[in-house]
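The values are calculated or read from the model by the stated rules, or taken from the named source; none is laboratory data. What you see is a predicted model, and the numbers here were worked out from it, not measured in a lab. Here the Cβ is made from the backbone with ideal geometry for all residues, glycine too, and neighbour counts use every protein chain on show. These area figures cover heavy atoms from the full protein model, side chains too; ligands, DNA and RNA do not enter into them. Shrake-Rupley method; radii C 1.70, N 1.55, O 1.52, S 1.80 Å.
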Amino acid sequence: MSKRFHIPSWGYKLLLLVAAAVWGLGTVVLKDTVDALPPFWLVGIRFLFAGIILSAIFARRIARNLTTETLIASIFLGALLGLAYGANTSGLLYTTASKSTVITAMQCVVVPFLAWAISRTRPTLFNLIAAGMGIVGIAFVSLDGTEGFTLGLGEAITLLSALLFAVQVAFMAKLGDGRDAVVMTAVQFLVGGIACLAVGVCFEPLPDFIVLADPEVARNIAYIIVFASVLALTLENVGLAHVAAGPASLILATESVFGVGFAILLL
């Protein structure tokens, strides 16, 4: 009889760190692609194909573990996920990739307090210090040498997405406990993809799909679907099912470090 494989706690934290690094590069790739397709169309295509790929790979596992409770929780989380990524991608139209990653990392400020409200886990002094540092970080990336403090449209939309990400992370940490994270991720992708495409159809112009024939655009979208979605979000959801929301959000906030670094190197 085979023994069940167990990952130590630091292993789950490492999964979150790898996800943050993949997303850091993903923000740079999105910034380079967001002009090719409208934001919600881009996110909708991204998540729909990611959901199809993940569902095909784990079809038997999904059939075996998809309960009614898991389905309801995943639909709720998928709607949050789609809105968060749609807003975040829209913000990239009006701000830089480095600003976007730093402001998105503000979710680490909010998550511990949401976890307190949702899971009754009280924030620590460390969380309060992190909140103050996060506010200082936003000030640094938003300060303009000639105009002083500025919080433009792009930064405001990105900040909204950070709040949505925080809600999604806090609820995933609670609802993912005891449920199959891979199954939940597949359903979230499909729900998020359909929701974003619906928003795109209603509020955005029909994209010119001929741009997908451009090798650079096709390569970027492939990275966004396979690595920044299928791989990274699966790693995140598996990690969140085993790491408390507060520490997990701080690890995920290193996306801003990777994002700024990649933005400097590549953009």
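A few points about this structure:
- Cα pair distances exceeding 18 angstrom across the range 160-224, given as percent: 60
- Applying the criteria of a DSSP loop state and at most 11 other Cβ atoms within 10 Å to the trypsin sites (Lys or Arg not before Pro) of the range 1-110 yields K3, R4.
- Inverting the pair-averaged 1/r between distinct Cα atoms of the range 115-267 gives 18.3 Å as its Kirkwood hydrodynamic radius.
- Extension reserve of the A117-A213 stretch, reckoned as 0.36 nm per residue once the Cα distance is removed: 29.8 nm
- Computed 3J(HN,Hα) for the range 200-213, one whole-Hz value per residue from the Karplus formula 6.51 cos²θ - 1.76 cosθ + 1.60 where θ = phi - 60°, is x, 4, 7, 10, 10, x, 5, x, 8, 5, 5, 5, 5, 7, glycine and proline marked x.
- Between the range 237-267 and the range 114-140, the alpha-carbon centres lie 15 Å apart.
- Normalised convex hull volume, the range 1-81, alpha-carbon set, Å³ per residue: 145
- Of A79, A248, A63, the residue with the greatest mean-square motion in the GNM of the chain, using alpha carbon springs below 10 Å, is A63.
- For the chain: accessible area per residue (Å², 1.4 Å): 48
- Peptides 192-202, 87-97, 114-124 ordered by packing proxy, namely the average of other Cβ atoms within 10 Å per residue, highest first: 87-97, 192-202, 114-124.
- GNM flexibility winner over the chain from D35, D208, D177 (Cα, springs under 10 Å): D208
- The residues packed around T95, meaning those with a beta-carbon under 12 Å from its beta-carbon, carry a net charge of +1 if Lys and Arg are +1 and Asp and Glu are -1.
- Compactness of the range 69-120 - radius of gyration and Dmax, Cα, Å: 13.8, 40
- Relative intensity of the chain on a log10 scale, I(q)/I(0) at q = 0.17 Å⁻¹, equals -1.39, per a Debye sum over C-alpha point scatterers of equal strength in the absence of solvent.
- Ranked by how many other beta carbons lie within 10 Å on average, peptides 210-216, 106-112 from highest: 106-112, 210-216
- Near A181: Cβ cut-off under 12 Å, other residues only, Lys/Arg at +1 and Asp/Glu at -1. The net charge is -1.
- Here each label is just a point 7 Å from Cα along the line to Cβ, and for L163 and I7 those points are 3.2 nm apart.
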